[in-house]
Amino acid sequence: MPELPEVETVIQILKNEILKKTILDVIVLNENIIEGDVKSFQELLKLKKINDITRKGKFLVFHFNDNLVMISHLRMEGKFFTFQGYEAKFNTHDMVIFHLSDNLTLIYNDTRHFGRMLLSTEEDYLLKPPLNHVGLDPLEIKEKDVLPLYQKFILSRRTLKETLLDQSLISGLGNIYVDETLYAVEISPFKKASALTLMQFKDILRESKRILELAIALKGSTIKSYHPGKDISGSYQDKLLCYGKAHLFSDKCTHRFYKTKLNGRGTTYCRHLQRDGETKYLLGLTGKVASGKSTIANYFINKGFTYISADQIILDLYHQEDVIKKLSKITNLDLNDQGQINKSLLKGVLLAKPELNCKMQKYLYPLVYRQIETLTENSLDKKFIIEVPLMFEARCDELMHDIIYVACLEKNRIAHLKMRQKDLDILKINQSYDEKNNRLISDYLINNDGDYLNLKEQLDSLYQDLLKKNRF
């Protein structure tokens with residue numbers, strides 16, 4: 001949906017093309033676009049000169065002589081464009097045609113047919129629906145407006161993002177620019193508006209204004225099919241730092257963006273940076289095979305954390321019929337009499353053919369990701385320690401607020417496996433594991449090459465740091 005910068009860009013384009021032109025005729029091809037009597041709409045606009053075009057929030061306002069005003073909302077896909085001449089083959093989605101002076105035609109086109117137009121007067125167009133419920137936009141808000149607006153804002157029982165999308169409080173901000181603004185100020189979209197401090201509110205106003213002004217200068221964001229004018233595209237999408245960046249790394253930290261739904265709206269944010277306001281805390285745990293992750297997990301379990309294991313999730317998946325059939329197809333292994341894959345044969349195939357291991361992981365990773373997401377969202381627990389050996393390869397890092405990497409020398413990992421009487425061949429699986437990079441992009445590094453006392457000292461220090469940061 002076009003937001004404030006896109007609407008402002010449309011206005012600037014239209015001003016250059018149709019200002020001071022006179023409407024000679026109006027052809028309505030879809031009467032649902034017009035609010036009120038269609039014939040009156042057509043008759044009242046005839047011979048009216050377009051004196052100005054302004055904006056209120058995301059609404060376009062056309063000002064004519066004789067005190068007449070036309071209010072237009074583009075909704076999802078509405079757009080205006082002009083061409084020379086009055087004879088043209090109309091497009092299926094052309095809704096309203098305005099023949100103007102100087103042999104010019106203005107067309108309102110709307111592939112979704114959601115746009116609306118209505119007439120009003122200069123005296124009362126701001127005093128009655130739909131504009132009487134439209135709040136100030138960030139570019140209009142003055143110093144005197146901040147405190148009264150903040151006091152209204154914190155009365156909301158909704159999340160911060162939902163409240164910012166409420167056009168009656170602050171207008172002009174939609175999904176794109178709310179995600180961008182909240183990332184800029186590093187506040188979670190899930191934070192309750194009522195918990196917002198005055199300083200945070202001022203930060204939001206400042207950053208939203210900065211972002212909107214830059215977006216206007218770049219003619220808005222051309223996302224999917226939106227264009228502010230015929231053959232014209234905005235370029236602010238090239239400057240977006242958060243919106244549309246799901247699964248990509250944040251430019252501010254080493255975490256990937258997480259995309260979820262908030263009251264039905266797609267919402268992208270960084271769970272590491274934008275922690276403020278979330279009720280649950282997900283601490284990720286990763287490292288090579290036999291590095292001591294289970295010992296560390298037990299430390300946090302004793303601190304009241306709920307444990308989730310990706311390995312256990314995969315073992316559970318191996319008992320699902322559709323998963324078994326898919327893995328059988330990937331590995332070319334037949335199922336036994338119990339309808340299962342022989343685990344020993346499976347391990348042998350994966351060791352002998354690393355490419356099959358990669359293919360299998362590509363199938364299993366999204367399933368593990370979704371299961372972790374489901375388990376944490378549906379649980380009443382608030383703190384989780386989540387062990388995922390292939391944390392970054394499975395992109396599960398974007399689910400986590402913080403990540404611990406466990407480092408351990410290979411000789412010590414071999415010793416750990418021998419103590420547990422495990423097959424050393426397991427060390428050969430996932431040889432493409434990027435240890436150097438994974439250590440760098442984790443938030444905490446725990447070295448498990450010493451004794452348990454040394455390990456506990458490191459964990460105690462880490463735990464105290466989390467407490468100081470109010471992470472949970």
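When 310, 290 are checked against the criterion of being more than 19 Å from residue 361 (Cα to Cα) and of a type in the set (A, V, I, L, M, F, W, C), a single residue qualifies: 290. Taking residue 62 as the residue in question, decide whether it is in contact (Cβ under 8 Å) with a residue 40 or more places away in the chain and under 17 Å from residue 115 (Cα atoms). In short, no.
Checked against (1) within 28 Å of the chain's Cα centre (by Cα); (2) within 16 Å of residue 34 (Cβ to Cβ), residue 70 meets all criteria but (1).
Restricting attention to the stretch 73-98, which residues are assigned to a strand (DSSP E or B) and touching a Lys or Arg at 6+ places or on another chain (Cβ under 7 Å)? Scanning the stretch 73-98 gives 73, 81.
Anything in the stretch 226-243 that is touching a Lys or Arg at 6+ places or on another chain (Cβ under 9 Å), at pLDDT 65 or above and open to solvent by 30 Å² or more (accessible area, probe 1.4 Å)? List them, or say none.
Residues satisfying the conditions are 235, 241.
Open to solvent by less than 10 Å² (accessible area, probe 1.4 Å) and modelled with pLDDT of 95 or more, is that true of residue 96? It is true that residue 96 is open to solvent by less than 10 Å² (accessible area, probe 1.4 Å) and modelled with pLDDT of 95 or more. Do we have any residue at all in the stretch 5-22 that's within 16 Å of residue 71 (Cα to Cα), assigned to a strand (DSSP E or B) and over 35 Å from the mean Cα position of the chain (by Cα)? Scanning the stretch 5-22, I find no residue that is within 16 Å of residue 71 (Cα to Cα), assigned to a strand (DSSP E or B) and over 35 Å from the mean Cα position of the chain (by Cα), so the answer is no.
Taking the numbered list (1) under 30 Å from residue 214 (Cβ atoms); (2) surrounded by fewer than 17 Cβ atoms within 10 Å (Cβ to Cβ); (3) free of Cβ contacts under 8 Å to residues at least 60 places away in the same chain in turn, residue 53 passes all entries but (2). Scanning the stretch 415-431 for residues that are of a type in the set (Val, Ile, Thr) and open to solvent by 50 Å² or more (accessible area, probe 1.4 Å) yields one hit, 426. Annotation: residue 35 fulfils all but one of (1) out of contact with any Lys or Arg (no Cβ under 8 Å at 6 or more places or on another chain); (2) over 20 Å from residue 19 (Cβ atoms); (3) open to solvent by 20 Å² or more (accessible area, probe 1.4 Å); the unmet one is (1).
Filter the stretch 253-264 down to the residues that are touching a residue at least 60 places away in the same chain (Cβ under 8 Å) and assigned to a loop (DSSP other than H, G, I, E, B), then identify the one that is most open to solvent (accessible area, probe 1.4 Å). The qualifying residue most open to solvent (accessible area, probe 1.4 Å) is 263. Just to be sure, is residue 58 more than 30 Å from residue 211 (Cα to Cα) and either of a type in the set (Phe, Trp, Tyr) or open to solvent by 10 Å² or more (accessible area, probe 1.4 Å) (or both)? No; evaluated as a whole, the condition is false for this residue. Just the residues that are closer than 15 Å to residue 62 by Cα and hydrophobic (A, V, I, L, M, F, W, C), please, taken from the stretch 110-140. Correct list: 117, 118, 119, 126, 131. Whenever a residue of the stretch 265-289 is closer than 15 Å to residue 392 by Cα and part of a strand (DSSP E or B), its partners that are basic (Lys, Arg) and at pLDDT 95 or above, lying with C-beta atoms within less than 6 angstrom and at least six residues away or across chains, give the pairs 285/293; 287/293. The single residue among 170, 141, 176 that is in a loop (DSSP other than H, G, I, E, B), in contact (Cβ under 8 Å) with a residue 40 or more places away in the chain and aliphatic (A, V, I, L, M) turns out to be 141. Of all residues in the stretch 306-324, exactly one satisfies the criterion of being in a strand (DSSP E or B) and either open to solvent by 80 Å² or more (accessible area, probe 1.4 Å) or at pLDDT below 95 (or both), namely 307.
Just the residues that are open to solvent by less than 10 Å² (accessible area, probe 1.4 Å) and in contact with a helix residue (DSSP H, G or I) (Cβ under 7 Å, 6 or more places away or on another chain), please, taken from the stretch 3-27. Let's see the steps before the verdict.
Taking the stretch 3-27 and keeping what is open to solvent by less than 10 Å² (accessible area, probe 1.4 Å), we get 3-7, 9-11, 14, 18, 23, 26.
Within the stretch 3-27, 3, 4, 5, 9, 23, 26 meet the criteria.
Check off (1) over 28 Å from residue 73 (Cα atoms); (2) surrounded by fewer than 16 Cβ atoms within 10 Å (Cβ to Cβ) for residue 158 and give me the number that stays unchecked. Of everything listed in (1) over 28 Å from residue 73 (Cα atoms); (2) surrounded by fewer than 16 Cβ atoms within 10 Å (Cβ to Cβ), residue 158 misses just condition (1). Restricting the stretch 144-164 to residues that are among the charged types (D, E, K, R) and outside any helix (DSSP H, G or I) leaves a set whose member that is nearest to residue 216 (Cα to Cα) is 158. Open to solvent by 40 Å² or more (accessible area, probe 1.4 Å) and farther than 20 Å from residue 271 by Cα: does that describe residue 211? The answer is no for residue 211.
Going through 397, 334, 381 one at a time, which residue ends up being open to solvent by 40 Å² or more (accessible area, probe 1.4 Å), acidic (Asp, Glu) and modelled with pLDDT of 90 or more? Before you say what the answer is, go through the steps one by one.
Values: 397 fails: open to solvent by 40 Å² or more (accessible area, probe 1.4 Å); 334 fails: modelled with pLDDT of 90 or more.
The conditions single out 381.
Only one of the listed residues (434, 402, 449) is open to solvent by 30 Å² or more (accessible area, probe 1.4 Å) and at pLDDT 90 or above. That residue is 449. Taking the criterion of being in a loop (DSSP other than H, G, I, E, B), farther than 19 Å from residue 46 by Cβ and open to solvent by less than 40 Å² (accessible area, probe 1.4 Å), the residues of the stretch 99-127 that qualify are 115, 125.
The values are calculated or read from the model by the stated rules, or taken from the named source; none is laboratory data. Since we're looking at a predicted model, the values are computed, not measured. Glycine also receives a Cβ, built like all others from the backbone with ideal geometry; neighbour counts cover every protein chain displayed. What goes into the accessible areas is simple: the full protein's heavy atoms, side chains included, and nothing from ligands, DNA or RNA. Shrake-Rupley method; radii C 1.70, N 1.55, O 1.52, S 1.80 Å.
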